[in-house]
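This report refers to the structure that appears directly beneath it.
The values are calculated or read from the model by the stated rules, or taken from the named source; none is laboratory data. Fair warning: this is a prediction, and the values are worked out from it, not measured in the lab. A quick note on method: Cβ atoms are made from the backbone with ideal geometry, for glycine too, and the neighbour counts reach across all protein chains shown.
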């Protein structure tokens, strides 16, 4: 059996070996900027248009995710990311479905100052209450080539204006049949957190907005920023798009070399996907041989063995802390063949996944 160096591991919060503040500091250090960011530009800039009776959680989840990614520690300054509620005029108020009113930060302007413009739709009974000039601005965004994000029933907004024709889009199960009947030219999918279809993105709403935000943060700001966001927001294990749940399950790893540290972060984020040492080396700017030497020196094993052990440790944690079946755990941790997963698990831990699950019960 392969064992990583125990002294290098920082267990998840509550285990006594590292505080939550220390873990955030570790993630910030992995960013490589040591707290220094550009003051004049942002890596990710998002504008949101709100329809009357919009769900407040979609707005708060999206912007709070950007808030955590934008700065170091818990300072929440708009350094790496920027977020703006846009409307017909600054100060115009939009009522959420829960009754809370939110003021717009700025009036509609040049769409190209944003990396994305999102639309959060409202209750279907209120969809005809469009914000002044809202549809015209959405058309302007699309014409400018700025990617549009449909959030919750924002898919109905974009579809009614023809911006989703022939596209894949993510629909909440509650609205799925109604959407499919109204928009047969849109390829509607459900039971997903979000869909990234190039310059059209969509999200089912609810806490799924955090998965979409993390996806965009990882793309524009780096995986360390995405890691910090998910950790700070205490996203549960079910979120597949982030690596923090895996880090909590198998223990954070302190390594001095920033390239190896990034490789570990990427590995933890990609447990469900096929990962090769060659791909991992390319992502961190090393040759496969150089990466192998770093893994051997730090963990006492080659990358392939470390990848296997990480998958199995995460699988064991899932079996102990979730209600997912053995097959679901196998697929989540990158094993396409359940029988192969069981053999590997028994070889590493001395018992089958089923035996571990029965012992827990």
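When only residues in segment 156-202 that are in a strand (DSSP E or B) and surrounded by fewer than 16 Cβ atoms within 10 Å (Cβ to Cβ) count, which is nearest to the chain's Cα centre (by Cα)?
Looking at residues that are in a strand (DSSP E or B) and surrounded by fewer than 16 Cβ atoms within 10 Å (Cβ to Cβ), I get 189.
For segment 317-356, give me each residue that is surrounded by fewer than 19 Cβ atoms within 10 Å (Cβ to Cβ) and assigned to a loop (DSSP other than H, G, I, E, B).
Those that are surrounded by fewer than 19 Cβ atoms within 10 Å (Cβ to Cβ) and assigned to a loop (DSSP other than H, G, I, E, B): 322, 323, 324, 325, 336, 337, 350, 351, 352.
Looking only at residues in segment 88-108 that are in contact with a helix residue (DSSP H, G or I) (Cβ under 8 Å, 6 or more places away or on another chain) and not in a loop (DSSP other than H, G, I, E, B), which one is surrounded by the fewest Cβ atoms within 10 Å (Cβ to Cβ)?
Taking the candidates together, the pick is 102.
Residues of segment 112-124 being touching a residue at least 40 places away in the same chain (Cβ under 8 Å) and not in a loop (DSSP other than H, G, I, E, B), which ones?
The answer is 113, 116, 117, 118, 119, 120, 124.
Which helices (runs of 4 or more DSSP H) does segment 203-293 wholly contain that include 2 or more residues that are modelled with pLDDT of 80 or more, touching a helix residue (DSSP H, G or I) at 6+ places or on another chain (Cβ under 6 Å) and farther than 28 Å from residue 58 by Cα?
So the answer is 258-269, 277-283.
Would you be able to say whether some residue in segment 131-138 is modelled with pLDDT under 95, loosely packed, with under 14 Cβ neighbours inside 10 Å, assigned by TED's automatic domain parsing to the domain that holds residue 56 and more than 22 Å from the chain's Cα centre (by Cα)?
yes
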